[in-house]
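**Student:** Please find one structure pasted underneath; my questions will follow.
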Amino acid sequence: MTMPDLEHALDALAGRVASLREARTAYPSDLAPTLDAALAELDTAAELLAEAREELRKAPKRAAGKKDGGQRELKLLRQVFRSFPVPVVVLDGGGVVRRINPETSRMLGSPDGYLVGRSFPLLVDVSRRAAFRSHLTAVLQTGQPSAFETRLAHQGRTHTVQLAMTRLTMPGEPQQMVAVVALPTEVQLPEPGARRPEQSDGALLLAAARRQDLLSKMATLLLDEESLLRPVVLPRATRLLAAEWADWVIADMVRAGLPYRSVVVGPKNQPIGELVRQVETTPPASGQVVTQVLERGSGVVREMVDDETLLGFCADGPLLTVIGAGSLLSVPIGSCDGVLTLVRTHDKPPFTLADLAVMQEVGLQLGLAVRAQSSFQSRSRAADALSASVAPRNLPDIPGYDAAAVYHPGSSVGAEFYDVFPISGGWGFALGGAAGKGEEAASVSALVRGGLRVLSVWEHDPDLVMRKVNEALVAQGTGMFVMALAGFVRGREIKLSSAGHHPAVLLQPDGGVRFAAGGGVPLGIAPDAETEVETLTVSSGETLVLYSEGLISSRNERGEPYGEERLADVLGRCAGQSPSTVVKAVEADRHAFSGGQVWDEIVVFALRGV
């Protein structure tokens, strides 16, 4: 066939293919005749390729004097390949794309030449991939053409196609090639020359907006208070990414120097319970991409998965094959605290370098949030332990008395404490707090509370106990002082020792309110303690009330303190009430006064004679 004949045949083929497209659009419900004709045209295209192959084979054998003519024919054949009206791909023996014409790029939605050097079988439906490789090998070995129906997926487009494959020997190539003509049978192709929607300015702006929206949502999620209080950072973040960004999201964290699979989120539109379990049980260390990201400290993106062993193997084979991976992206979580891996299936647009940049930022944010969560929970456990060390879990039964107490922690780890404990021949109680806030103040308060409890086992006088605790505190050299009040209860007699603390209040059955002496110098200031000692008699129906600095110093919106005068008014209205009613009434009044705000710890302890 001469070049003019070939050009004429190509023009005729282009016209017939255009007519078939119009027929398919005009008669979508009657596709059988169109499909039969399309398959016939596919055979014609294969024959024309064979003719072109022969021409290419003859070209190098021309005499030297006809060299220019041969070069012109080669250029013409290249032009024919580019202008061929149906998708044509030239593959090497391994299935790697060596040539691809614009019609194929247009059909698959990829830039011209984008697929060159990539594995064509990765575009083939996973279930037909092995069969395609077998057809490819048979064509290379036998030289006999082969037809094969399958699905191709790329850039979010899926096409059911009829593939016609024929062996091709190309000048200058040491190995034989295979020419593949792909005729879509179920997809309407875009009009020739139409701009790909993926490259439109609007689509690019939309993609950028989606990335910005993701970062905004992720920041809001990670800064949520609950993300610090409970271990929900990873599950929430991976669910967000799975809902908007990927089909599969896998988070592998590092523990004791080794990665472990922490969270797996799969597609929600299919039953994948068993598949998720396979992903969860696959050791992340067996996947080279996880190891690579941890070692290099930087992310990787695979726009097309050309090595399906990247995430290791599960019971059914390579994990990426089992989940139908088409594109993969992995980034470090924080400073190599883990690896975040996103996978999209073949029928979704592949990840890009722009996506990698966004996920690098997401991984960094996620790492900071995980560390903040761990630090907060560690501090929270420490705070809980300190709180437990400055307040009893339950009040014991004190013979001849009813007791009740309320304890509210402040806005930070504070230093107020109270305690009730047995002593020789009766019961003891203590209440107070170190001047200051934070863990150091709380630990000093715990030290004083423990000292008062322990020394009360040997001493019969609360004032002697208070003085020995003062000596110990001064010897420790903490630089902190503690306001404290201790009392020993024996029968109806209560002996009090005050070291700079607010005075106790005695509420009488008729509503009368009398304050004890209180006073003294806080513990820890000087080696010789200066305390105030007083002995009270609490008769049946009378209630002794002790309270913390945090109650008295609570302020309202105008900055006015709650004060002891307001406390006396509230207590006067509680005459004859049980201790639990008394402490709840004080609590409710303070809450109303300060608008519910609690800055310092609040302790109210009531002991009523019965």
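**Student:** Within the stretch 337-355, is even one residue farther than 23 Å from F120 by Cα, among the polar types (S, T, N, Q) and within 21 Å of the chain's Cα centre (by Cα)?
**Tutor:** yes
**Student:** Here is a further query. Looking at the stretch 169-179, which of its residues are open to solvent by 20 Å² or more (accessible area, probe 1.4 Å), out of contact with any Gly (no Cβ under 6 Å at 6 or more places or on another chain) and modelled with pLDDT of 75 or more?
**Tutor:** Across the stretch 169-179, the qualifying residues are T169, Q176.
**Student:** While we're here: State the number of residues belonging to the stretch 413-425 that are at negative phi, over 41 Å from the mean Cα position of the chain (by Cα) and of a type outside the set (S, T, Y).
**Tutor:** So the count comes out to 5.
**Student:** Out of the residues in the stretch 437-450 meeting the condition of being crowded, with 17+ Cβ neighbours inside 10 Å and not polar (S, T, N, Q), tell me which one is nearest to W599 (Cα to Cα).
**Tutor:** So, considering only residues that are crowded, with 17+ Cβ neighbours inside 10 Å and not polar (S, T, N, Q), the one nearest to W599 (Cα to Cα) is K437.
**Student:** Search the stretch 509-533 for residues that are under 16 Å from L546 (Cα atoms) and touching a residue at least 24 places away in the same chain (Cβ under 8 Å) and pair each with any residue that is open to solvent by 50 Å² or more (accessible area, probe 1.4 Å) and part of a loop (DSSP other than H, G, I, E, B) when their beta-carbon atoms are under 7 Å apart and the residues are at least 6 apart or on different chains.
**Tutor:** E532/A517
**Student:** Could you tell me which of the residues L546, L567, L507 is at pLDDT 95 or above and more than 55 Å from the chain's Cα centre (by Cα)?
**Tutor:** The conditions single out L507.
**Student:** So which of S127, S134 is at pLDDT below 85 and not in a loop (DSSP other than H, G, I, E, B)?
**Tutor:** That would be S127, the only listed residue that is at pLDDT below 85 and not in a loop (DSSP other than H, G, I, E, B).
**Student:** Something else now. When the stretch 540-565 is examined, which residues are found to be in contact (Cβ under 8 Å) with a residue 12 or more places away in the chain, touching a helix residue (DSSP H, G or I) at 6+ places or on another chain (Cβ under 8 Å) and under 21 Å from L431 (Cα atoms)?
**Tutor:** Across the stretch 540-565, the qualifying residues are T543, V545, Y547, L551, I552, S554, Y562, E564.
**Student:** I've got another one for you. Please go through the stretch 279-327 and pick out each residue that is part of a helix (DSSP H, G or I) and open to solvent by 20 Å² or more (accessible area, probe 1.4 Å).
**Tutor:** Residues satisfying the conditions are E280, T281, A285, S286, Q288, T291, Q292, L294, E295, R296, T321, V322.
**Student:** If you don't mind, there's one more thing I want to ask. Quick check: is even one residue across the stretch 180-195 modelled with pLDDT of 80 or more and either β-branched (V, I, T) or part of a helix (DSSP H, G or I) (or both)?
**Tutor:** Yes, some residue in the stretch 180-195 is modelled with pLDDT of 80 or more and either β-branched (V, I, T) or part of a helix (DSSP H, G or I) (or both).
**Student:** May I pose another question? Every residue in the stretch 497-523 that is open to solvent by less than 20 Å² (accessible area, probe 1.4 Å) and under 15 Å from V465 (Cα atoms), please.
**Tutor:** S497, S498, A499, L523 - these are the residues of the stretch 497-523 that are open to solvent by less than 20 Å² (accessible area, probe 1.4 Å) and under 15 Å from V465 (Cα atoms).
**Student:** Six or more apart or on different chains, Cβ under 6 Å: which pairs go from a residue in the stretch 235-247 that's more than 15 Å from D213 (Cα to Cα) to one that's assigned to a loop (DSSP other than H, G, I, E, B) and at pLDDT below 90? Could you list them?
**Tutor:** D247/P267
**Student:** Do we have G312 as free of Cβ contacts under 8 Å to residues at least 40 places away in the same chain and in contact with a helix residue (DSSP H, G or I) (Cβ under 7 Å, 6 or more places away or on another chain) here?
**Tutor:** Judged against the criteria, G312 is a match.
**Student:** A follow-up question, please. Can you name the residue in the stretch 524-549 that is acidic (D, E) and farther than 24 Å from E459 by Cβ and, of all such residues, is most open to solvent (accessible area, probe 1.4 Å)?
**Tutor:** E549
**Student:** Suppose we keep only residues that are in contact (Cβ under 8 Å) with a residue 40 or more places away in the chain and out of contact with any strand residue (DSSP E or B) (no Cβ under 8 Å at 6 or more places or on another chain) within the stretch 98-130. Which one would you say is least open to solvent (accessible area, probe 1.4 Å)?
**Tutor:** R106
**Student:** Return the residues of the stretch 465-485 that are within 49 Å of the chain's Cα centre (by Cα) and among the polar types (S, T, N, Q); say none if nothing qualifies.
**Tutor:** Residues satisfying the conditions are Q476, T478.
**Student:** Could you tell me how many of the residues in the stretch 397-437 are under 21 Å from K584 (Cα atoms) and either in a strand (DSSP E or B) or at pLDDT below 90 (or both)?
**Tutor:** Total meeting the criteria: 20.
**Student:** From (1) surrounded by fewer than 17 Cβ atoms within 10 Å (Cβ to Cβ); (2) within 21 Å of R210 (Cα to Cα), pick out the condition that doesn't hold for E274.
**Tutor:** (2)
**Student:** Looking at V139 and the list (1) farther than 23 Å from E303 by Cβ; (2) of a type in the set (A, V, I, L, M, F, W, C); (3) open to solvent by less than 20 Å² (accessible area, probe 1.4 Å); (4) assigned to a strand (DSSP E or B), which single condition is not satisfied?
**Tutor:** It fails just one condition, (4).
**Student:** Name every residue in the stretch 258-290 that is free of Cβ contacts under 8 Å to residues at least 12 places away in the same chain and β-branched (V, I, T), in order of residue number.
**Tutor:** Answer for the stretch 258-290, where residues must be free of Cβ contacts under 8 Å to residues at least 12 places away in the same chain and β-branched (V, I, T): just I272.
**Student:** Going by the conditions given, is G334 open to solvent by 10 Å² or more (accessible area, probe 1.4 Å), of a type outside the set (D, E) and on the phi > 0 side of the Ramachandran plot?
**Tutor:** Taking the combined requirement at face value, the residue satisfies it.
**Student:** Another one. In the stretch 293-306, what residues are on the phi < 0 side of the Ramachandran plot and touching a residue at least 12 places away in the same chain (Cβ under 8 Å)?
**Tutor:** V293, L294, S298, G299, V300, V301, R302, E303, M304, V305, D306
**Student:** Further, regarding this structure: Looking at (1) at pLDDT 85 or above; (2) under 25 Å from the mean Cα position of the chain (by Cα); (3) open to solvent by 20 Å² or more (accessible area, probe 1.4 Å), which is the one condition that is false for S374?
**Tutor:** All conditions are met except number (1).
**Student:** Among the residues of the stretch 451-498, count how many are part of a helix (DSSP H, G or I) and modelled with pLDDT under 90.
**Tutor:** So the count comes out to 1.
**Student:** Applying the selection to the stretch 216-254, what residues are touching a helix residue (DSSP H, G or I) at 6+ places or on another chain (Cβ under 6 Å) and at pLDDT 90 or above?
**Tutor:** V249, A251, D252
The values are calculated or read from the model by the stated rules, or taken from the named source; none is laboratory data. Bear in mind the structure is a predicted one, so any value in this text is a computation, not a measurement. Ideal geometry is used to build each Cβ from the backbone, glycine not excepted, and the neighbour counts take in all protein chains shown. For accessibility, only protein heavy atoms count, side chains too; no ligands or nucleic acids. Shrake-Rupley method; radii C 1.70, N 1.55, O 1.52, S 1.80 Å.
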